[in-house]
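Notes follow the structure.
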Amino acid sequence: MNKNSKKKIFLKVLLIHLIIIFLLDINLSELFNNKSIKLDTVDNSVILNLKSISLEDLEKKRNEIKRKKKILEDLKKKKKAEEEKKKKLKALQKKKAEEEKKKSDLELLKKTEEKELAKYEIEKLERELLGLEKAEALINKQKIRNAQLTDAEQKYILTIKAKIENNWLIPHNTNHDRICTVIVNQLPSGKVTSVKIHECKGDSIYLDSLENAIWKSSPLPIAPDIEVFQENLVLQFEEPN
């Protein structure tokens, strides 16, 4: 065999080898068991081995490579799915922790509000009690004074009550005490500054009608004399028969 023939055989083998590599999608080192082979030093044994590869073997090799590729792809998909699952689980745990913290904060806020509300209610009751004590003291003092009113003072009180009663639209068919005591604070000009119904139990519509009548009567009749003027008036009203 001359050199030209050998060269042609070598080129054919090389071409076959390159086609095999392209079809199988593997590199040259894998085909030759990871051994490095220089193209210009290929010996006859390698050439004979390449000649001995059948199409059936090539197909088997190709199928084997496809199978391994599929296994690798499945492993990648499985790994990606596991990572996604871990990510979702982590996000779920984070959300759960945030919800638990929010719930804990709400419970703490609720307890704080309940304490503040209880404190406010106690303070409110204490203020109401103090106001009640002051009102009772004022009424008792006024009762003593009413027993000693001069004619001018009695006339002044009656004039005030008459104006209020004229403005009092008494609702029908309501339950209430026969006599209602009201504390009215006023300025020297007769302008009413506050109204507090003290000793009177009845329907809210009845009590509101009396309070509205007092506000409507402001300013009250002016006292004829500074000596007669009373800043705090204790008035008793009785619904006429």
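The values are calculated or read from the model by the stated rules, or taken from the named source; none is laboratory data. Quantities reported herein were computed from a predicted structural model and do not represent experimental measurements. With ideal geometry, Cβ positions are generated from the backbone for all residues, glycine too; neighbour counts draw on all protein chains shown.
For region 211-228, taking the residues that are out of contact with any helix residue (DSSP H, G or I) (no Cβ under 8 Å at 6 or more places or on another chain) and hydrophobic (A, V, I, L, M, F, W, C), the one that is nearest to residue 198 (Cα to Cα) is identified as 215. Among the residues here, residue 90 qualifies as in a helix (DSSP H, G or I) and under 25 Å from the mean Cα position of the chain (by Cα). Restricting region 213-233 to residues that are assigned to a loop (DSSP other than H, G, I, E, B) and in contact with a strand residue (DSSP E or B) (Cβ under 9 Å, 6 or more places away or on another chain) leaves a set whose member that is nearest to residue 186 (Cα to Cα) is 231.
For residue 173, the conditions (1) without any contact (Cβ under 8 Å) to a residue 60 or more places away in the chain; (2) more than 26 Å from residue 131 (Cβ to Cβ); (3) surrounded by 12 or more Cβ atoms within 10 Å (Cβ to Cβ) are fulfilled apart from (3). Within region 182-208, the set of residues being modelled with pLDDT of 90 or more and touching a Phe, Trp or Tyr at 6+ places or on another chain (Cβ under 9 Å) comprises 182, 186, 188, 192, 195.
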